[in-house]
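Read-outs throughout are calculated quantities, based only on the coordinates presented, and are distinct from any laboratory measurement. From a predicted model like this one, the values you see are computed outputs, not experimental measurements. All Cβ positions, glycine included, derive from the backbone under ideal geometry; neighbour counts span all protein chains shown.
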Amino acid sequence: MLIKDLKVGSQVRQALLLRVQKVGTSSKGGTYARGLAEDKSGRVQFICFEKSSVEKLASLDGPTAFKVTGAVDAYKYSDETVNQLMVQHVEPLGPDDDIKNIIPHGDFDKEVYVTKLANLIKTVRNPVYHSLLEEIFKGETYERFLKNPAGSRLHHAYLGGLLQHSVDVAGLALVLADQIGGADKELVITGALLHDIGKLKEISYQVGFPYTDSGRFVGHICFSALTVQEAALRLKIPLYKAEKLLHVLLSHHGENEKGSPVACGTKEAFIVHYADEIDAVMNQFAASDEAGKESWQFNKMLQRYLYTKA
Ligand SMILES: [Fe+2]
Ligand SMILES: [Fe+2]
């Protein structure tokens, strides 16, 4: 049963992704672990008091998939009553456990986006930008680019999310560039397609989309620039020829306070930055369930309630 369909009294025995938020001691002296249980349809808070399971959960260093046995209970949380999964037992997944429900897939046509990506690359005639795009979007990097999420949790956090996000940022950026005028559109497209390429090193596409160690050390913004630098070295392109592109990548979060080592200083950089922001925000409204009803939901990325589908 998917998490979105759970009701008070539902019994659970299935693969779920568990994110432990706290391990502590209860008022009766026993230990407990609590956090979020997730599948592709949503998440529910869980609590577990069973000693051997709490020990397993306490030793995790990131979100982990388990076969979870439990039942859903009602939990009074401030003035709201919410569902809570009382986890009775967790065990490692076996080869026969069905994990397709715990890996989120985006609701978009991947083949359409693969074609859009190829067409965008074709429109870039500038030899430096074109050869960098061809050099980066090939082989293993290209295959990973088609699979990776663009976020661990906040936006486009599903298989193929990075492809969809990068292509849509390019599309939005082109509309802005057209309307504004005077921007180098080939730089805008190249910057949009490559702005988050560093997420391949920052976020894994394994179950739970965990951050990698390298990702925490370096971050995707610098990795995006490093990816271009490495490609330029392989192609023997002097780096100064790619400086405007590096600026777009390094400033795509807009400001130093938002993680960019340089703030936007060119038209193309502002255009890609705003297109990126629009696309990430609009993705918050992407419904995981067509039939879901609209209601006010708290949104973690924007830290506010949004009127969106559950
Ligand atoms: Fe980014
Ligand atoms: Fe982005």
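Side notes on the structure shown:
- Restricting the calculation to Cα atoms, region 3-102 yields a radius of gyration followed by a Dmax of 12.9, 42 Å.
- Linear extension gain, LYS293 paired with THR31, 0.36 nm per residue minus alpha-carbon span: 90.5 nm
- Above-threshold pairs, the threshold being 19 Å between Cα atoms, out of LYS22/LYS100; LYS40/LYS147; LYS67/LYS309: LYS22/LYS100; LYS67/LYS309
- For the chain, the membrane-span-like helix rule (DSSP H, alpha carbon extent of at least 18 Å along the helix axis, mean Kyte-Doolittle at least -0.5) picks out 110-123, 161-180, 220-234, 267-282; this says nothing about an actual membrane.
- The translational diffusion coefficient of region 34-91, from Stokes-Einstein at 10 °C and 1.306 mPa s with a Kirkwood hydrodynamic radius over alpha carbon pairs, comes to 132 µm²/s.
- A DSSP coil position with no more than 12 other Cβ atoms inside 10 Å describes the following trypsin sites (Lys or Arg not before Pro) in region 7-90: LYS7, LYS28.
- Most mobile listed residue (GLN179, GLN206, GLN14) in the chain, GNM with C-alpha springs under 10 Å: GLN179
- Lysine pair count for region 159-301 with Cα-Cα distance under 18 Å and sequence separation of 8 or more or different chains is 8.
- Direction-averaged projected area, Cα convex hull, the chain: 18.1 nm², rounded to one decimal.
- Residue-averaged [θ]222 nm for the chain, counting only DSSP H segments that reach four residues, each worth -39500 (n - 2.57): -11500 deg cm²/dmol
- Stokes-Einstein, applied to the Kirkwood radius of region 110-285 over Cα pairs at a viscosity of 1.567 mPa s and 4 °C, places its translational diffusion at 82 µm² s⁻¹.
- Long-range amide H partners of GLY198 with built H, under 5 Å: SER224
- Taking region 110-285 and dividing mean pair separation by its residue count, relative contact order in percent (alpha carbons under 8 Å, at least six apart): 22 percent
- Span from the region 26-54 Cα centroid across to the region 89-125 one, whole angstrom: 29 Å
- Sequence-distant residues sharing a close amide H with HIS105 (under 5 Å, placed H): LEU159
- Put simply, the amide H of ILE203, placed in the peptide plane, has neighbours under 5 Å in THR212, leaving out anything fewer than 5 places away on its chain.
- Antiparallel DSSP beta bridges within the chain, percent to nearest 5: 90 percent
- Sorted ascending by nearby beta carbons within 10 Å, beginning with the fewest, CYS222, CYS48, CYS264 become CYS222, CYS264, CYS48.
- When the Gaussian network model of the chain links Cα atoms closer than 10 Å, the mean-square fluctuations of SER166, SER59, SER152 top out at SER59.
- Hits among lysines - C-alpha to C-alpha of LYS28 under 25 Å, sequence gap 8 or more where chains match: LYS51, LYS56, LYS76
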